[in-house]
1. Of a type outside the set (D, E, K, R) and either part of a loop (DSSP other than H, G, I, E, B) or in contact with an Asp or Glu (Cβ under 8 Å, 6 or more places away or on another chain) (or both): is that true of Ser89 in this structure?
2. Return the residues of the range 232-281 that are among the polar types (S, T, N, Q) and under 17 Å from the mean Cα position of the chain (by Cα); say none if nothing qualifies.
3. Taking the residues in the range 192-215 that are in a loop (DSSP other than H, G, I, E, B) and surrounded by fewer than 18 Cβ atoms within 10 Å (Cβ to Cβ) as candidates, determine which candidate is farthest from the chain's Cα centre (by Cα).
4. Identify the residue in the range 36-72 that is touching a residue at least 12 places away in the same chain (Cβ under 8 Å) and among the basic types (Lys, Arg) and, among all such residues, is surrounded by the most Cβ atoms within 10 Å (Cβ to Cβ).
5. Kindly provide the set of residues from the range 96-125 that are touching a residue at least 12 places away in the same chain (Cβ under 8 Å), of a type in the set (Asp, Glu) and over 24 Å from Gly241 (Cα atoms), ordered by number.
6. Condition first: closer than 10 Å to Ile101 by Cα, of a type outside the set (S, T, N, Q) and out of contact with any Lys or Arg (no Cβ under 9 Å at 6 or more places or on another chain). Now tell me which residues in the range 43-66 satisfy that.
7. Filter the range 1-56 down to residues that are hydroxyl-bearing (Ser, Thr, Tyr) and within 22 Å of Ser128 (Cβ to Cβ) and give me whichever is modelled with the lowest pLDDT.
8. Identify the single condition in (1) under 17 Å from the mean Cα position of the chain (by Cα); (2) over 18 Å from Phe147 (Cβ atoms) that Val229 does not satisfy, given that it satisfies every other one.
Amino acid sequence: MKKVIVGIGEILWDMLPSGKALGGAPANFAYHAMRLGEEGWAVSAVGGDALGREILDLVASKKLNNLIALSDKPTGTVEVELDSRGVPSYNIMEDVAWDNIPFTPEMEELAKRADAVCFGSLVQRMKSRESVLRFVRAMRPEALKVFDINLRQHYYDREIIEESLKLADILKINDEEIRIVAGMLGLGDDDAAACRSLVADYGLKLVILTRGAEGSEVVTADEVIPQAVGPVDVVDTVGAGDAFTAAFVVAYLRGDSLADAQRLATETASYVCSRKGAMPI
């Protein structure tokens, strides 16, 4: 039976130099979970404008299950600039549809049957925070809660981070974000030690620490598992982290070892880096 894997949060248009592409970390996560054979769901909101209708059409064409509400706010957009290595920077529009996701009876039902959810900090910057937290709290105790912290610009604070960590089973964080969080929480200068402290302090099963082209580490209470990245012909890195998280969760839920889950995650993220946009076939 397929696992029900949910990404809740932003869905939007990434306005890339080469044109717009469907994006938003939770939607990317749900898409890759679906492509890896599970029942992926995107939960978000779009405006009743042309950009919103285009998102709904595209999501339907990708056969991605969704609970995407219609909002009187405009559909979200992000101006994305890529540096010479293909690494993105973002300018995220505020008070858009995904900032105002309503909590509906359909969302509550999905939460109750979900096997895993992935949520981040960005969607918690405005009114959607209440809906995200209600969704996670409505899930079964044994369901997997993944906090892909996804720090963007100034859209986070200690309260958002700590409350999310208390709800989560797994934290996904990159090498820049761990420095910010370690400084905020007084966890010192050693990344692995900071990750172990997060595991201990918040009752996490593990922390996934990604380092871009330098690979990743899975940190548990008693081990650190490294994984290198092979040669990749990078087109852009947009959505690669979301693909990594989705693949890891899929493998973890089916009972793979942590090393095997990490290996599949690395291969999936590398593939996305070699293609344009966050949701390649």
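1. Working: of a type outside the set (D, E, K, R): yes; either part of a loop (DSSP other than H, G, I, E, B) or in contact with an Asp or Glu (Cβ under 8 Å, 6 or more places away or on another chain) (or both): yes.
For Ser89, the condition - of a type outside the set (D, E, K, R) and either part of a loop (DSSP other than H, G, I, E, B) or in contact with an Asp or Glu (Cβ under 8 Å, 6 or more places away or on another chain) (or both) - is met.
2. Residues of the range 232-281 that are among the polar types (S, T, N, Q), as a first pass: 237, 245, 257, 262, 266, 268, 270, 274.
Within the range 232-281, Thr237, Thr245, Gln262, Thr266, Thr268, Ser270 qualify.
3. Step one: of the range 192-215, the residues in a loop (DSSP other than H, G, I, E, B) are 203-205, 211, 215.
With surrounded by fewer than 18 Cβ atoms within 10 Å (Cβ to Cβ) added as a condition, the list becomes 203, 205, 211, 215.
Working: Gly203: 20, Lys205: 17, Arg211: 16, Gly215: 18 Å.
Among those residues, the one meeting the criterion is Gly203.
4. Here the answer is Lys62.
5. Initially, the range 96-125 is screened for residues touching a residue at least 12 places away in the same chain (Cβ under 8 Å), giving 96-104, 106-108, 110-125.
Next, from what is left, pick out any that are of a type in the set (Asp, Glu): 99, 106, 108, 115.
Of everything in the range 96-125, those that are touching a residue at least 12 places away in the same chain (Cβ under 8 Å), of a type in the set (Asp, Glu) and over 24 Å from Gly241 (Cα atoms) turn out to be Glu106, Glu108.
6. Taking the range 43-66 first, the residues closer than 10 Å to Ile101 by Cα are 43-46.
Checking the rest, the ones that are also of a type outside the set (S, T, N, Q) come to 43, 45-46.
Val43 - this is the single residue of the range 43-66 that is closer than 10 Å to Ile101 by Cα, of a type outside the set (S, T, N, Q) and out of contact with any Lys or Arg (no Cβ under 9 Å at 6 or more places or on another chain).
7. First, the residues of the range 1-56 that are hydroxyl-bearing (Ser, Thr, Tyr): 18, 31, 44.
Then keep just the ones that are within 22 Å of Ser128 (Cβ to Cβ); that gives 31, 44.
On the way: Tyr31: 95, Ser44: 98.
Here the answer is Tyr31.
8. (1)
The values are calculated or read from the model by the stated rules, or taken from the named source; none is laboratory data. Given the structure is predicted, the values throughout are model-derived calculations rather than measurements. Neighbour counts run over all protein chains shown; Cβ positions are idealised from the backbone, glycine included.
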